[in-house]
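S.K.: Pasting in a structure now, in structure tokens, and then I'll have a few things to ask.
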Amino acid sequence: AWYQTVDKESIRNFSFPGFAQNSYTRSEIDSIGFNAQGVSTVGINHLTYGPDYYQDDLHDTALLEYPLFPFIPPSDEVVVPDSTQQALGLYISDGISATDRLTFNVGLRGDYYNFDAKEDPRYFGESFDVNDSALSGNLRVIYSLTDHVNLTGLVARGFRTPNTQERTFYGPATTGDTWIVQNPDLRPESSWNYEAGFKVR
């Protein structure tokens, strides 16, 4: 089990003849989580399995001021609202000793995510509560050509769901030339990985 807190501050102050702008942003992320792992041997199967869980609570504060223009009120608008991100994963892998020289490693993982962007008067986007889930896994083959040389092959599927900041961001990009709007329904990233090689000991 673990707990982690992240506190990030960003300060940008511009000042040149006829214009001045002071910008301050603070992002606080409190995270808790746990994972557990079991190991069992059943015949030729060597199983590893367990759960994996975490929760992130996000809170941003911001202040934007124009010192040379007192008639423009300061703004506390944030680009990411108060929100919570939760994830639960369950995984199992099996190392199968098919023969003295041939081994298969098979892995499967299921993940479930929840993203809850709360009502926040400092945020111009809409609140939402969305879920995401996926299956990923891999298959590795190891063949011992000799006692010192192994041939290996791997096929694996990777998965990454967009996080809360990517789904909720609503405001100007740091470059200043792009406006980003929220998209709670961003599609996840997925990948296929193929490897072939050998290992010498």
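The values are calculated or read from the model by the stated rules, or taken from the named source; none is laboratory data. Quick caveat: nothing in here was measured; it's all calculated off a predicted structure. All Cβ positions, glycine included, derive from the backbone under ideal geometry; neighbour counts span all protein chains shown. Just so you know, the surface numbers come from the protein's heavy atoms only, side chains and all, with ligands and any DNA or RNA stripped out. Shrake-Rupley method; radii C 1.70, N 1.55, O 1.52, S 1.80 Å.
S.K.: Name the residue farthest towards the positive end of the dipole of segment 1-86 from the options Ile32, Ile11, Val79, assuming +1 on Cβ of Lys and Arg, -1 on Cβ of Asp and Glu, about the Cα centre.
M.R.: Checking the options against the dipole of segment 1-86, the answer is Ile11.
S.K.: With no solvent and one equal point scatterer per Cα, compute the Debye intensity ratio I(q)/I(0) for segment 84-170 at 0.11, 0.18, 0.22 Å⁻¹ and report its log10, rounded to two decimals.
M.R.: These q points yield log10 I(q)/I(0) values of -0.51, -0.82, -1.01.
S.K.: Still on this model: What does the helix-only formula give at 222 nm for the chain: each DSSP H stretch with n ≥ 4 adding -39500 (n - 2.57), the total divided by the residues, and the result rounded to the nearest 500 deg cm²/dmol?
M.R.: Taking each H run of at least 4 residues, the total per residue is -500 deg cm²/dmol.
S.K.: Shifting gears a bit: Can you give the accessible area per residue of segment 67-201, in Å², using a 1.4 Å probe?
M.R.: Heavy-atom accessible area per residue stands at 63 Å².
S.K.: Let me ask something additional. Restrict the search to segment 29-121; then list the trypsin sites (Lys or Arg not before Pro) that DSSP places in a loop and that have at most 16 other Cβ atoms within 10 Å of their Cβ.
M.R.: Passing sites in segment 29-121 are Arg101, Lys118.
S.K.: With +1 on each Lys and Arg Cβ and -1 on each Asp and Glu Cβ, how big is the dipole of segment 78-179 about its Cα centre, in debye rounded to the nearest 20?
M.R.: Dipole size: approximately 420 debye.
S.K.: Mind putting a number on the dipole of segment 10-100 about its Cα centre? Charges go on the C-beta only, +1 for Lys and Arg and -1 for Asp and Glu, and I need it in Debye to the nearest 20.
M.R.: For this selection, approximately 240 debye.
S.K.: Pop out the carbon and sulfur fraction of the accessible area of segment 1-125 as a percent, whole number, probe 1.4 Å.
M.R.: With neighbouring chains kept in place, the figure for segment 1-125 is 59 percent.
S.K.: OK, next. Evaluate the charge dipole of the chain about its Cα centre and quote only its size in Debye, nearest 20, assuming +1 on the Cβ of each Lys and Arg and -1 on the Cβ of each Asp and Glu.
M.R.: That gives a dipole near 1060 debye.
S.K.: Please give the direction-averaged projected area of the C-alpha convex hull for the chain, in square nanometres with one decimal.
M.R.: Directional mean of the projected Cα hull area for the chain stands at 16.1 nm².
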